[in-house]
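Peer 1: Just passing along the structure, written as structure tokens.
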Amino acid sequence: MKVLLVFVIATFCVVSESQAQLSIGATYENKQNASTNGMASNGFGIQLERDMSFPIPLIFLRTRAHYSYFTDSNRPSLEGVQFDQVSSYDFGVGAILGANIALFSPYAGFGVGLEDYSRSGGDIENYTPNENEFYYQVMGGVGLNVLPIIQPFIELRYSGFNNRDEIADSQKRLMFGVALRF
């Protein structure tokens, strides 16, 4: 009977804690794709995550919404044509599955999103100045459980695109960030 009571109380605590768990994070991102000839562009992002209930206490399942912004104003070129400024932003949603192992929380996930890519200035007569494209993403990373409310993390994300005309059809992104969990 005591074991059953302890199990019920522990289950209630785990479920109620995971249902109330939200986090908001900020990231510094380094994006690399073939359209910049392997050169990286830097940007910033925000993300919002919500923990979903999961029956195993060490494992977590989260949903995520994110937004990222990148800009490059040092006359980048695409197929020999130079532009004054190239900027992009993307937003998407995803699901993450991970584990809490001592101080570390490794995770992996997948998602979908939309990226808007804009070019301005320079000689762009034969190029579309703006391009929107849906993408899929696969991500993996590790968080460091320093304090219950603060979690620094590092993440690698791969995004693939289907029908890009002049921009690379895939990109890798290395992200460093901090999430506040409440």
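Peer 1: From the list Phe12, Phe54, Phe7, Phe60, exactly one residue is part of a strand (DSSP E or B) and either under 22 Å from the mean Cα position of the chain (by Cα) or at pLDDT below 85 (or both). Which is it? Walk me through how you get there before you give the answer.
Peer 2: Working: Phe12 fails: part of a strand (DSSP E or B); Phe54 fails: part of a strand (DSSP E or B); Phe7 fails: part of a strand (DSSP E or B).
Unique residue meeting the criteria: Phe60.
Peer 1: Taking region 139-182 as the search range and keeping residues that are of a type outside the set (S, T, N, Q), over 15 Å from Ser88 (Cβ atoms) and outside any strand (DSSP E or B), which one is modelled with the lowest pLDDT?
Peer 2: That would be Pro148.
Peer 1: List pairs: first residue in region 163-182 and over 21 Å from Val146 (Cα atoms), second residue modelled with pLDDT of 65 or more and among the hydroxyl-bearing types (Ser, Thr, Tyr) anywhere in the structure, Cβ distance under 6 angstrom, at least six positions apart or on different chains.
Peer 2: Ile167/Tyr117; Gln171/Ser159; Lys172/Tyr158
Peer 1: Please list, ordered by first then second residue, the pairs with beta carbon atoms under 8 Å, 6 or more apart or interchain, first in region 134-155 and over 30 Å from Asp116 (Cα atoms), second assigned to a strand (DSSP E or B) and among the basic types (Lys, Arg).
Peer 2: Pro148/Arg181; Ile149/Arg181; Ile150/Arg181
Peer 1: I've got another one for you. Filter region 93-108 down to the residues that are more than 14 Å from Glu155 (Cβ to Cβ), among the small types (Gly, Ala, Ser) and part of a strand (DSSP E or B) and list them by number.
Peer 2: Passing the criteria: Ala95, Ala99.
The values are calculated or read from the model by the stated rules, or taken from the named source; none is laboratory data. What you see is a predicted model; the values in this text were computed from it and never measured. Here the Cβ is made from the backbone with ideal geometry for all residues, glycine too, and neighbour counts use every protein chain on show.
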